[in-house]
1. Got a sec? Which strands (runs of 3 or more DSSP E) wholly within the stretch B:30-119 have at least 1 residues that are more than 24 Å from residue B:154 (Cβ to Cβ), touching a helix residue (DSSP H, G or I) at 6+ places or on another chain (Cβ under 9 Å) and in contact (Cβ under 8 Å) with a residue 60 or more places away in the chain?
2. Checking residue B:379 against (1) surrounded by 19 or more Cβ atoms within 10 Å (Cβ to Cβ); (2) within 28 Å of residue B:505 (Cα to Cα), which single condition isn't satisfied?
3. Considering A:133, A:199, which residue is more than 14 Å from chain B (Cβ to nearest Cβ), closer than 30 Å to residue A:120 by Cα and surrounded by 18 or more Cβ atoms within 10 Å (Cβ to Cβ)?
4. Restricting the search to the stretch A:165-184, which residues are facing another protein chain (nearest Cβ under 10 Å) and under 23 Å from the mean Cα position of the chain (by Cα)?
5. Of all residues in the stretch A:50-76, count the ones that are surrounded by 16 or more Cβ atoms within 10 Å (Cβ to Cβ), touching a helix residue (DSSP H, G or I) at 6+ places or on another chain (Cβ under 9 Å) and either within 9 Å of chain B (Cβ to nearest Cβ) or assigned to a loop (DSSP other than H, G, I, E, B) (or both).
6. Can you go through B:506, B:462, B:484 and tell me which one is touching a helix residue (DSSP H, G or I) at 6+ places or on another chain (Cβ under 9 Å) and outside any loop (DSSP other than H, G, I, E, B)?
7. In the stretch B:201-210, how many are at pLDDT 95 or above and farther than 19 Å from residue B:226 by Cα?
8. For the stretch B:412-430, give me each residue that is within 12 Å of chain A (Cβ to nearest Cβ) and either at positive phi or in contact with a helix residue (DSSP H, G or I) (Cβ under 8 Å, 6 or more places away or on another chain) (or both).
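The values are calculated or read from the model by the stated rules, or taken from the named source; none is laboratory data. Just so we're clear, the structure is a prediction, and the values are computed from it rather than from any experiment. Please note: Cβ atoms are built from the backbone with ideal geometry, for glycine as well, and neighbour counts cover all protein chains shown.
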């Protein structure tokens with residue numbers, strides 16, 4: 001097992017270097033000088049421009065800038081944002097809990113609905129139930145998120161008043177930032193109603209963000225289950241007179257789960273890297289919105305550092321998925 | 001028994017009173033459009049940052065009178081100007097208290113040291129605070145304060161003298177700007193001593209009506225009313241900025257009662273807002289101008305007749321309808337009508353393609369010519385859709401034989417290239433900083449600004465001399481006369497097609513009282529009640 005993890009880890013280093021090089025180059029390939037963008041219509045004089053360039057280190061040749069960047073990264077320094085002047089790592093850590101919280105709830109929603117729906121559709125293959133589950137998931141998969149979010153918001157928040165429109169908690173609660181997770185902080189605050197308010201603020205964003213993963217999970221579970229259900233050993237199990245639910249849950253599902261776990265893993269990785277649209281619509285202070293705004297402002301250090309961290313998260317999540325395979329299916333663990 | 005009942009009732013009433021007083025704190029929620037870049041307004045140029053900092057937390061020596069572009073006393077009760085216009089002596093207000101923050105409690109009131117520290121930090125490279133937190137003071141240098149202020153002298157604790165290098169009438173208006181917000185020197189010294197000077201820019205104490213309690217990045221900013229504010233405590237107890245970048249979502253929040261005031265609505269939502277009984281849709285002409293600048297150093301725009309012809313060929317009313325959806329007003333002068341010295345008597349070029357064609361023929365282009373129109377890639381208050389605007393102009397111009405190609409670049413690139421004059425004609429605009437006409441005319445059309453913010457690359461001696469003259473006298477009547485005359489010269493020479501001044505809309509909840517739109521684009525909440 002350790003050898004397996006070690007092998008996987010050794011692949012991480014070149015990936016990591018590749019990412020630093022890629023983000024560093026790509027953000028600089030987009031036309032637009034950060035100093036000009038900062039100054040806007042007002043503009044800066046040529047002298048001031050040169051002064052600021054020197055201050056920010058943009059006057060040095062690109063390879064020197066890259067060298068400084070990589071040596072910084074190796075020492076754990078991702079640089080400071082050009083706009084807020086705060087360390088990139090600090091900004092990331094401030095915003096990441098909000099992203100994790102939302103990703104977690106969205107993933108729960110997606111799995112709780114998607115997995116049973118997929119199993120159900122596979123078992124009832126060809127029936128009306130199967131077709132409706134599939135139509136439903138295809139609709140979910142192709143839903144334009146922005147529109148979906150605004151639609152839910154208008155119906156449930158504005159017209160029915162069931163859920164709040166946006167934000168993380170009602171403004172009447174002045175919650176101290178302890179962990180950054182609103183669900184936990186609101187409980188810690190001891191204020192009556194704060195936790196319920198935090199939960200109600202999570203409902204719509206989680207549904208919106210969880211819609212596509214839910215659809216993907218449902219479809220993947222269905223097709224994987226169908227394949228397994230047609231295997232000989234399932235027929236054998238049925239012939240032996242094992243209870244139908246046991247056949248499905250114990251014999252079929254466990255074997256059908258491998259591709260589903262892959263999909264869930266990939267989806268969680270994507271969710272954790274920040275949901276740009278959902279975060280923007282629900283004014284959710286997470287890293288997706290942070291990154292996209294930084295690209296617009298040509299905030300080089302934030303884009304480079306932020307993408308690097310996000311890439312690391314995806315690498316780690318993938319690694320965890322691989323390890324989970326090993327647990328679910330010992331054959332993978334032992335194969336070379 | 002009766003006694004016991006009475007006691008119980010009393011106890012219940014008291015409990016009721018306690019719980020209501022805890023909830024009775026009036027909170028005003030402002031759904032702001034973005035996060036502040038930081039909490040030191042001297043570092044930044046964005047209005048979003050100023051709303052969260054200078055407008056509600058800080059004071060300046062002079063302030064803009066709310067709802068106007070005129071100045072009034074702030075932390076200085078009065079000032080004297082020497083006859084040569086080089087010395088400004090400010091008499092400071094006594095008994096002004098600073099806020100208290102988590103790790104700093106002021107021991108003294110505001111005084112001359114704070115004023116000197118605020119400006120010395122920005123202008124003096126040897127000030128120990130100059131380089132702290134990156135130390136770039138864009139507005140201070142952008143407004144030329146670094147070269148204008150020669151020296152600042154402390155006469156006594158409540159008198160400060162600014163000595164200038166040249167007479168500059170807009171100086172007072174500059175001091176009302178956000179970068180001139182007064183910091184506490186005592187706090188600065190304390191943080192320097194503790195080895196954490198950068199904390200001054202994260203958690204500054206100030207003298208304004210609200211003090212910051214908490215900032216949750218990209219989410220919320222919480223303020224409480226400062227009870228010792230020198231003008232008296234604000235009417236609301238708590239102020240919350242709920243950061244909501246999307247305009248449709250801001251509107252949804254306003255409708256649901258989750259915010260009380262929202263800036264920058266979608267033009268498409270205005271009709272619905274007007275009809276909503278819970279919403280009061282306020283509006284005012286913005287202190288801005290959207291224009292098309294001809295590159296007057298490039299042929300054929302070197303010829304004034306060509307510029308006039310294209311001005312005549314452009315149908316502004318069609319642009320106002322299509323691009324601004326009514327939320328704009330046709331512009332004839334480079335300064336907006338709410339600004340002093342606006343010349344009402346200037347006659348704009350009417351829409352007259354026949355006359356335009358004739359003028360073009362006189363200039364030697366009977367069959368027109370080929371050119372380009374640069375359209376901005378971003379939405380701005382003075383131009384909500386530059387691409388659409390360019391298309392309308394393209395069609396108008398084609399009627400007199402001028403074939404225009406529409407060009408666009410990424411925003412930073414667009415600004416940079418147009419500064420260098422790579423365009424034939426370029427769409428751009430301006431939002432005023434300090435309400436002084438100089439801030440439009442000299443900044444955008446002065447000879448010094450050629451190769452910079454003067455996108456027409458236009459240097460007209462007659463025009464420029466009028467502006468220079470107006471800069472050097474502090475007599476407002478005289479300045480007004482010069483600026484009025486300059487606007488006549490501008491119209492005749494037509495370096496720009498002045499297109500529109502946008503109308504600023506601000507929907508607020510009906511229960512919000514006392515809110516005023518600031519023509520300079522800020523959002524102030526001191527006078528608001530709920």
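1. On the way: elements: B:62-64, B:71-73, B:76-81, B:87-92.
Counting at least 1 such residues, we get B:62-64.
2. (1)
3. On the way: A:199 fails: surrounded by 18 or more Cβ atoms within 10 Å (Cβ to Cβ).
Selected residue: A:133, the only one of A:133, A:199 that is more than 14 Å from chain B (Cβ to nearest Cβ), closer than 30 Å to residue A:120 by Cα and surrounded by 18 or more Cβ atoms within 10 Å (Cβ to Cβ).
4. Here is the first cut: in the stretch A:165-184, the ones facing another protein chain (nearest Cβ under 10 Å) are A:165-172, A:174-177, A:180, A:182.
A:165, A:166, A:167, A:168, A:169, A:177, A:180, A:182 - these are the residues of the stretch A:165-184 that are facing another protein chain (nearest Cβ under 10 Å) and under 23 Å from the mean Cα position of the chain (by Cα).
5. The qualifying residues number 3.
6. Numbers: B:506 fails: touching a helix residue (DSSP H, G or I) at 6+ places or on another chain (Cβ under 9 Å); B:484 fails: touching a helix residue (DSSP H, G or I) at 6+ places or on another chain (Cβ under 9 Å).
So the residue among B:506, B:462, B:484 that is touching a helix residue (DSSP H, G or I) at 6+ places or on another chain (Cβ under 9 Å) and outside any loop (DSSP other than H, G, I, E, B) is B:462.
7. Result for the stretch B:201-210: 0.
8. Across the stretch B:412-430, the qualifying residues are B:412, B:413, B:415, B:416, B:426, B:427, B:428, B:429, B:430.
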